[in-house]
1. Using Cβ counts within 10 Å as a stand-in for footprinting exposure, how do ARG115, ARG16 rank, fewest first?
2. Taking the Kirkwood radius as the inverse of the mean 1/r across Cα pairs, report the Rg/Rh of region 29-98.
3. Fewest Cβ neighbours within 10 Å first, please rank MET29, MET52 accordingly.
4. Relative to the present Cα-Cα distance, how much length would full extension add between ALA107 and ARG119 at 0.36 nm per residue of separation?
Amino acid sequence: MRAVGSDVVAETAERRELWVEEPAKRRRMPDPVRTAAVRAVLISSVTLIQAMVAFLCTLADSWLAFPMVLSSVASTVVATWSVLDVWVTRQVWYQRHGVVSAPASTARQLRKERRQARRAGRRAPEGIRRTGGAGQLKHT
């Protein structure tokens, strides 16, 4: 039987790790898409801040209200464009680099059956066999 004391506390502190690596649930975004997404987030944040400043300036009857409203409208257009840029960049990247797809088990099974049927149809008849040459057939 162990005594509860500093030995037990030291032993449990050695076993537990402060940081435990876990595998990511989703794959990392491609670099161009991530860059466009960061840019869109920054532009959208600035747009929201501008809209808030324009609102507060309007409430305070400041001379800055009208220029801020105009810049907020322009920033909204730019923010919309940047979000569309993320979508377009993502689509272009997937088109250029291919999409990783995992077909459903039923689709996989159908493809396997079709492949087997094609192979069975391509087999040479019994009386004809292939030689090791350049596709020449030899009758036996």
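1. By the 10 Å Cβ count, ascending, the order reads ARG16, ARG115.
2. Answer for region 29-98: 1.20.
3. The fewest-first ordering by Cβ neighbours comes to MET52, MET29.
4. 2.5 nm
All of the numbers you see were taken from the coordinates with simple rules; none came from a lab. Source: prediction; values computed, not measured. As a convention, Cβ positions derive from the backbone with ideal geometry for all residues, glycine included, and neighbour counts pool all protein chains shown.
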